[in-house]
Structures are given as C-alpha cells and as structure tokens.
1. Report, by residue number, each residue of the stretch 100-117 that is surrounded by 11 or more Cβ atoms within 10 Å (Cβ to Cβ) and within 29 Å of residue 69 (Cβ to Cβ).
2. Every residue in the stretch 1-18 that is over 20 Å from residue 92 (Cα atoms) and in a helix (DSSP H, G or I), please.
3. Tally up the residues in the stretch 25-40 that are in a helix (DSSP H, G or I) and loosely packed, with under 14 Cβ neighbours inside 10 Å, please.
4. Pick from 95, 54, 78, 62: which is at pLDDT 90 or above and part of a helix (DSSP H, G or I)?
5. Which residues, taken from the stretch 5-15, are farther than 15 Å from residue 49 by Cα and surrounded by fewer than 16 Cβ atoms within 10 Å (Cβ to Cβ)?
C-alpha cells in the first residue's frame, strides 16, 4: 500500500474530507525544502490522488494532522483490515498494539476464542 493510499484510508476512517485535511495541513505552515514555501492546496490534492510524490519534509505535518506517529505511514498494520473488518480497522490496530501487555495464558485463551469465531464464520459462509 502506497503512503498516499494509507493517508486516504486514514482520512476515510477519521471521516475527514480531503479538503479538510488540506486546510489543516496548510494551517501548520509546512515548508517544502526546494521552494521554502508551503505546498498549494492543489499540490496536496495531487499527493492524495497519487499523482505527485509526497515530499519527505511533509511527513511530520501529515502525521500531526492525522494524529498518528510518522512511522504509521510506512508500517503495514493498516493492512490488517479486510472487507470483513475494514470499518473496525482502527480497533484492530489498537488491539494489536495492546497484545504485548497480555499475559501468555490470556493469549492462549484469546487465540482459542478467535479460532471459534473463525469456524463460525466459515460455517456461515460454507468456506
């Protein structure tokens, strides 16, 4: 998944329009290294549509607007979402982040419970 696709995915998840995103980004007054000026709103739309390469110096500003860590734009945890749980992907990512605090016994119980849900799902859809 490209960074622009992840940004768009997160915009949808956060119910934020591209216009709102562009305005919030511009309100932070980011400066492009090459020009020393902020990108135009149409340039930001170009980034979001994948027609322009997102400049690395904008990443901290983009992360700030989306209220995520910069690394989140380059990690693949967003891709844990599927057609089945896409509208719950933020919850899924939060659960994944919290798993490191789960004791081994609870992990085994959770795993068993998830296998039961998987079986129910497969039985319902004859998979």
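1. Listed by number, the residues that qualify are 102, 106, 107, 110.
2. 4, 18, listed by residue number.
3. 1
4. Every option except 62 fails the conditions.
5. 14, 15
The values are calculated or read from the model by the stated rules, or taken from the named source; none is laboratory data. Treat the numbers as computed from the prediction; the structure is a model and nothing was measured. Cβ atoms come from the backbone with ideal geometry, glycine included; neighbour counts cover every protein chain shown.
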